[in-house]
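The values are calculated or read from the model by the stated rules, or taken from the named source; none is laboratory data. Quick caveat, the model's predicted, so the values are computed rather than measured. Cβ placement follows ideal geometry from the backbone for every residue including glycine, while neighbour counts extend to all protein chains displayed. When the accessible area is computed, the model is the full protein with side chains, heavy atoms only, and any ligands, DNA or RNA have been set aside. Shrake-Rupley method; radii C 1.70, N 1.55, O 1.52, S 1.80 Å.
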Amino acid sequence: MDLFQAMSVYVKVVDTGSLTAAAQACEMSTTMVGNHLRALEQRLGVRLINRTTRRQRLTEFGSAYYQRCLEVLGLVADSERLAEQTQGEPSGTLRITAPLTFGTERLAPALAQFNQRFPQVKLDVVLTNQRLDLLDHGFDVAIRLGHPDPKMIARPLLDYTLTICASKAYLTRRGTPQKPADLQQHDCLSFAYSAADEWRFAQEHWPINGPDGEIKVPVNGPMLINSSSGLHRAALAGMGVVMLPDALVAQDLKDGHLVALLQGYQLPHRPMSLMYAQDRYRLPKLRSFVGFALEQWGKPQGEAE
């Protein structure tokens, strides 16, 4: 048994209130969380939590042990940060989270260059559209769409731009929309945003800027899907009109597999930022990545918000 990992899992079980929630936070199965808890209790020879099918309650010893675990894990984390700060060369594991499409199409290819520049930094990358809490999930840095967390340092990056497009085959069959209102007569395939996403409205209304300001065009079509890659494939197959990130369709637009629509209008975009905790910036591994990311995708000084 890895004692430090078992203690970390136990703290997460107490903090979240259940084995299931702790499993999600620790990114492991509920069974594995239970195994860590049982191994810890066997090692100590004392029950930490009284569990029933409906609730769990700390024992008196479990409550005291929880406080000690917080102290021990805090000291371990402080010791690791101290060691990293004393090293001139960036090293250690850097945990990064980023949106799925940007992470796949832009971040992952760029990390090859980062790795060549800083070979002692091991990269632990989680690509997800969930807005994971950096501290709770142990991330050093996040690339985040939308409004940044006010508790974190946020460095503005280039906007995450979107393009409305369709295949030549679809446009030959159905015609080419000339103005935003024409989209209502087309098969528009939409991305299924999560309930927590500030862009969930875009499942039914696409925002487009024209001479009279922003309008939200009602759209409808044969498919709603929670995968940008799936939406991309459907568009290439001629299923309908899509609104997708430029990071995903740029090459297809260049090669002519997809055709950009309504180019005389200002098409949708989302703010994007680089986020990290202020006290973590002292770490060479984080400073090196922040500098690299701003070099790759940072807004020019005059455009920073």
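Quick look at the values:
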quantity: Enumeration of residues in region 292-305 that are at pLDDT 90 or above and either open to solvent by less than 40 Å² (accessible area, probe 1.4 Å) or among the charged types (D, E, K, R) (or both); calculated: 292, 293, 295, 297, 298
quantity: Failed criterion for residue 61 (all others in (1) open to solvent by 70 Å² or more (accessible area, probe 1.4 Å); (2) free of Cβ contacts under 8 Å to residues at least 12 places away in the same chain hold); calculated: (2)
quantity: Residue list for region 192-214, restricted to those being open to solvent by 20 Å² or more (accessible area, probe 1.4 Å), outside any loop (DSSP other than H, G, I, E, B) and either free of Cβ contacts under 8 Å to residues at least 24 places away in the same chain or touching a helix residue (DSSP H, G or I) at 6+ places or on another chain (Cβ under 6 Å) (or both); calculated: 200, 201, 203, 205, 213, 214
quantity: Residue match in region 224-233 (condition: without any contact (Cβ under 8 Å) to a residue 60 or more places away in the chain and of a type in the set (Ser, Thr, Tyr)); calculated: yes
quantity: Members of region 1-19 found to be within 14 Å of residue 72 (Cα to Cα) and touching a residue at least 40 places away in the same chain (Cβ under 8 Å), listed by number; calculated: 3, 4, 7, 8, 10, 11
quantity: Those residues of region 10-25 which are under 23 Å from the mean Cα position of the chain (by Cα) and either aliphatic (A, V, I, L, M) or crowded, with 19+ Cβ neighbours inside 10 Å (or both), in sequence order; calculated: 12, 21, 22, 23, 25
quantity: Selection status of residue 172, open to solvent by 30 Å² or more (accessible area, probe 1.4 Å), hydroxyl-bearing (Ser, Thr, Tyr) and assigned to a helix (DSSP H, G or I); calculated: yes
quantity: Selection count, region 270-282, where residues are of a type in the set (Phe, Trp, Tyr) and modelled with pLDDT of 90 or more; calculated: 1
quantity: Filter pass, residue 52 being loosely packed, with under 14 Cβ neighbours inside 10 Å and farther than 17 Å from residue 138 by Cα; calculated: yes
quantity: Meets criteria (of a type in the set (Lys, Arg) and either at pLDDT 95 or above or within 18 Å of residue 180 (Cβ to Cβ) (or both)) for residue 285; calculated: no
quantity: Candidate set: region 134-146, residues that are open to solvent by less than 30 Å² (accessible area, probe 1.4 Å) and not hydrophobic (A, V, I, L, M, F, W, C); chosen: the one nearest to the chain's Cα centre (by Cα); calculated: 144
quantity: The listed residue being open to solvent by less than 50 Å² (accessible area, probe 1.4 Å), more than 20 Å from the chain's Cα centre (by Cα) and hydrophobic (A, V, I, L, M, F, W, C), out of 237, 260; calculated: 260
quantity: Qualifying position, being open to solvent by 70 Å² or more (accessible area, probe 1.4 Å), charged (D, E, K, R), in contact (Cβ under 8 Å) with a residue 60 or more places away in the chain and in a helix (DSSP H, G or I), among 106, 131; calculated: 106
quantity: Hey, residue 75 more than 24 Å from the chain's Cα centre (by Cα), over 21 Å from residue 288 (Cα atoms) and not in a strand (DSSP E or B) or not; calculated: yes
